[in-house]
1. Within the stretch 60-73, which residues are of a type outside the set (V, I, T), at pLDDT 95 or above and outside any loop (DSSP other than H, G, I, E, B)?
2. Taking the residues in the stretch 184-223 that are small (G, A, S) and closer than 21 Å to F168 by Cα as candidates, determine which candidate is farthest from the chain's Cα centre (by Cα).
3. Can you tell me how many residues in the stretch 244-260 are among the aromatic types (F, W, Y) and buried (at least 24 other Cβ atoms within 10 Å of the Cβ)?
4. Of these, S188, S236, which one is surrounded by fewer than 21 Cβ atoms within 10 Å (Cβ to Cβ), of a type in the set (S, T, N, Q) and assigned by TED's automatic domain parsing to the domain that holds S309?
5. With the condition being of a type in the set (S, T, Y), I'd like the strands (runs of 3 or more DSSP E) fully within the stretch 1-45 carrying at least 3 qualifying residues.
6. Within the stretch 39-57, which residues are surrounded by fewer than 18 Cβ atoms within 10 Å (Cβ to Cβ), in contact (Cβ under 8 Å) with a residue 12 or more places away in the chain and either touching a Leu at 6+ places or on another chain (Cβ under 6 Å) or of a type in the set (D, E, K, R) (or both)?
7. If you scan the stretch 58-88, which residues turn out to be of a type in the set (D, E, K, R) and crowded, with 20+ Cβ neighbours inside 10 Å?
8. Is there any pair with a first residue in the stretch 242-270 that is under 21 Å from A296 (Cβ atoms) and in contact (Cβ under 8 Å) with a residue 40 or more places away in the chain and a second that is basic (K, R) and surrounded by fewer than 23 Cβ atoms within 10 Å (Cβ to Cβ) whose Cβ atoms are under 7 Å apart and which are 6 or more apart or on different chains, and what are they?
Amino acid sequence: MENISIETPARTYPVYIGSGAIEGLGSYIKDTFPAMTNLMIITDETVRDIHLHALESVLKDIKAKICTVPSGEKAKTFEVYYHCLSFALEHKLDRKSLILAFGGGAVGDLGGFVAATFMRGIPFIQVPTTILAHDSAVGGKVAINHPSGKNMVGSFYQPQAVFYDLNFLATLPQKELRSGFSEVVKHSLIHDINFYSSLKNHIRSLENLPPEELSQMLTKGIEIKGRIVAEDEKESGVRAFLNFGHTLGHAIEAEKGYGEWTHGESVAVGMLFALELSKKLLDLRFDVDEFRLWLAQLGYNIDLPGDLSHSKLLERMKQDKKSEGQNVRFVLLKEVGKPVIYQVSDELILRELAIFSNSTKR
């Protein structure tokens, strides 16, 4: 099992990653929170039914209140957020209580935001159960969605610890594996050509990934994100690079209706578009066609959804958190491992969306 330390101005905390990582959770809670009054677990319906017994078994004599929310992005609504706050109040949580966010990225975002705002902030621990959550569980960005945009209501609020047990990943469907792997690819493209080359040359299928290989690539992704977060906790500079592929990706998610396309599927198309822009605007030397074929081999839908209006996608992108004064700013690559923020005009975006849409249908 690996122990990665994430250092931020707000807090330094451990990420325990490996098979059986949750075995140490019960003792960690008792040692770190000896005066804890209540434990609340926020989890979704799917994770509750498959994995809750495993979590409760390691908590032993620590009794927890279980707050169950819908699966996926349906958990990140105002209504569900309000429900969680009401649940906490009804079960007498106070400032010495603790929240466990037990599930995928959506539960982690929701659970962290509940913890950040309940009584002006109580501690929480991330217990992720998906590949996608290797990205969202680390770094302290917690939020819920607004109908006008993804993660528009939230905070920067670091967890006390992350317990990332890879045994939970064994039950993930292929769709969720692909969703999470997109973020691994993103980390490689913004940081490390060797990491990217290793992924492209060795990962030919997401079925039956050897545990050692899975652990290595997730650990590498967490280390990359940890270094960026340490430098820029609140996204005033380089942390924005972690949004590579997300400008168009979030727009696709919102226009399709949260949950119809997974986050990672949307980001994969967003990365393809950003790479095409990078070639045209920054003379990036990169074989986008080879990248597209690799994604297709892994089972990704690499086509921009044909039912989406380009003008509506543009309006969604104007609401992106990197945008300034209604000017859309993309994370682009000068070369693999060298991202930049680049402002792109509305006219160019619409023209390139039309070209991109046609190119993906060849």
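The values are calculated or read from the model by the stated rules, or taken from the named source; none is laboratory data. Note that the coordinates shown come from a computational prediction; the quantities given were computed from them, not determined experimentally. Positions of Cβ are backbone-derived with ideal geometry, glycine not excepted, and every protein chain shown enters the neighbour counts.
1. A64, K65, C67
2. Step one: filter the stretch 184-223 for residues small (G, A, S), giving 188, 197-198, 205, 215, 221.
Restricting the remaining residues to those that are closer than 21 Å to F168 by Cα gives 205, 215, 221.
Numbers: S205: 21, S215: 17, G221: 11 Å.
Looking at residues that are small (G, A, S) and closer than 21 Å to F168 by Cα, I get S205.
3. 1
4. S236
5. Fully inside the stretch 1-45 and qualifying: 12-18.
6. The answer is E45, and nothing else.
7. Within the stretch 58-88, E73, K76 meet the criteria.
8. That search, which allows pairs on different chains as well, returns T262/K175; G264/R178; E265/R178.
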